[in-house]
Amino acid sequence: MKRLLVVTGGGDCPGLNAVIRAIVHRASQERDWEVLGSIQAFNGVLREPTEVVLLDNKKVAGIHFQGGTIIETTNKGGPFAWPVKDKNGNWTTVDRSDEMIRKLQIMHIDGVINIGGDGSQRISKRLYDKGLNIIGVPKTIDNDLSSTDSTFGFQTAVQVATEAVDKLVTTAASHNRVFVLEVMGREAGWIALNAAVAGGAEVCLIPEIPYNINKVKEALEKRFHRDRGFAVVVVAEGARPQGGDVVTQENDEVGYENKKLGGISGHLIQQLKESGFEHDMRQTILGHLQRGGVPTAYDRVLSSHFGVKAFEMALNGDWGKMVSYRHPDFISVPLEEAVAKPNLVTMDNPMVKTAQGLGISLGI
Ligand code: F6P
């Protein structure tokens, strides 16, 4: 019997369960494969006692439309940076990767499928370099991985953000207000840009294009003076003004290494007020609503493709690679290539051209 361990790492994402189900269903068609899941990314393997569960057809029945991940996840710590307290009571990290690989050998694990974003796939690459049989499955609502045409979870996040724009339009129109909707997107503005186009926003500000507050004000005033008196601005959490920095929040969670973003919508409203913009403004931070709940049909289909392909890669011993969607095919790319560069919005991207063609101001 061969044993495959499935891990979900990083922030959760709609479609994770559909990937898990697809791996298990495909594996059950082979007589000699068993699938296990590590609880909370690699923590389940590293903890004593070990927290690993059997994933069979019964366990994954009906999970394809459930948000989250039945095997839980974490975006803190990990095998290379396990948090421990030093003798002074301060938190520090230790590398437990060798110990974990030895433990996986003792558990007779033949290979691992790591479903996660860029951070998780960097961990996959380092573990592969240490000799672990590992395959990556790309996951991110931000759509910021360049080695695949798209990642599951993204369409669901865009749908949620677009529905928020639709809702804000009616209240903005009723009160002649500007609504600033803050959506996720640390370094990549894909969610913001897609929701702005789909929802018909007037302004869209993204991390890749630092904005000029005077241009934002100009676009909004034009809208109020020559057109209907309301507007919706979609701003990605990682957006920043020209010459300025991103807006962050305090975070004292042990092992959390990312900057905790959030608050650019309020900062933008403040800047607009200071620049003399006089209309009423309100902010809405959409936050984790974009990550929770039922994945769209598109994301379930993409997740299912990824799961089946990932298992078949394991079957063929295609380790050290990540599943990738290159329309219309599902291929495998070396992990090294998978994490080499992020997928960011560039000025020549058709989404930018379409947004500008629709008259959406990008604040430049
Ligand atoms: O990377 C996905 C993402 O949703 C980012 O857009 C966001 O900044 C981050 O995760 C938030 O993660 P959490 O609050 O779970 O730490």
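The values are calculated or read from the model by the stated rules, or taken from the named source; none is laboratory data. These numbers come from a predicted model, not from an experiment. Glycine gets a Cβ as well: all are built from the backbone with ideal geometry, and neighbour counts include every protein chain shown.
Annotations for the structure displayed:
- Taking the conditions (1) closer than 27 Å to Q66 by Cα; (2) not assigned by TED's automatic domain parsing to the domain that holds N90 in turn, H267 satisfies each one other than (1).
- Qualifying position, being surrounded by 17 or more Cβ atoms within 10 Å (Cβ to Cβ), on the phi < 0 side of the Ramachandran plot and either among the hydroxyl-bearing types (S, T, Y) or assigned by TED's automatic domain parsing to the domain that holds E257 (or both), among T73, T93: T73
- Residue in the stretch 151-167 that is under 30 Å from E278 (Cα atoms), small (G, A, S) and in contact (Cβ under 8 Å) with a residue 60 or more places away in the chain present: yes
- Checked against the criterion of being touching a residue at least 40 places away in the same chain (Cβ under 8 Å) and acidic (D, E), the candidates D12, D56, D86 yield just one match: D12.
- Flag for A157 being away from the ligand (no atom under 14 Å from the Cβ) and not charged (D, E, K, R): no
- Given (1) over 28 Å from G78 (Cα atoms); (2) free of Cβ contacts under 8 Å to residues at least 12 places away in the same chain, number of the condition D129 does not satisfy: (1)
- Comparison of V19, V35 shows that the only residue that is farther than 19 Å from P79 by Cα, part of a helix (DSSP H, G or I) and more than 16 Å from the ligand (Cβ to nearest atom) is V19.
- Meets criteria (within 15 Å of the ligand (Cβ to nearest atom) and either surrounded by fewer than 24 Cβ atoms within 10 Å (Cβ to Cβ) or at pLDDT below 95 (or both)) for R186: yes
- Residues located in the stretch 141-154, provided they are within 16 Å of the ligand (Cβ to nearest atom) and touching a Lys or Arg at 6+ places or on another chain (Cβ under 7 Å): I141, D142, S146, T151, F152, G153
- Pair list, Cβ < 6 Å and 6+ apart or interchain, from the stretch 241-259 residues that are in the same structural domain as I213 (by TED's automatic domain parsing) to residues that are in a loop (DSSP other than H, G, I, E, B) and modelled with pLDDT under 95: T248/K259; G255/K76; G255/G77; Y256/K76
- Single residue of the stretch 288-302 satisfying the filter (more than 16 Å from the ligand (Cβ to nearest atom) and part of a loop (DSSP other than H, G, I, E, B)) that is surrounded by the most Cβ atoms within 10 Å (Cβ to Cβ): T296
- Applying the condition of being more than 14 Å from the ligand (Cβ to nearest atom) and within 15 Å of G263 (Cα to Cα) to the stretch 174-183 and asking which residue is farthest from the chain's Cα centre (by Cα) yields F179.
- The number of residues in the stretch 216-250 that are assigned to a loop (DSSP other than H, G, I, E, B) and of a type in the set (K, R) comes to 2.
- Boolean, G276 is touching a Lys or Arg at 6+ places or on another chain (Cβ under 7 Å), in a loop (DSSP other than H, G, I, E, B) and more than 10 Å from the ligand (Cβ to nearest atom): no
- Some residue of the stretch 131-140 being assigned by TED's automatic domain parsing to the domain that holds G15, crowded, with 24+ Cβ neighbours inside 10 Å, of a type in the set (G, A, S) and within 16 Å of the ligand (Cβ to nearest atom): yes
- Note on the stretch 251-265: residues that are closer than 30 Å to H175 by Cα, assigned to a loop (DSSP other than H, G, I, E, B) and under 18 Å from the mean Cα position of the chain (by Cα) amount to 1.
- Note on the stretch 99-139: residues that are of a type outside the set (G, A, S) and on the phi > 0 side of the Ramachandran plot amount to 1.
- Pairs where the first residue, in the stretch 94-123, is under 29 Å from D144 (Cα atoms) and the second is part of a helix (DSSP H, G or I) and β-branched (V, I, T), C-beta under 6 Å, 6+ apart: M100/V45; I115/V19
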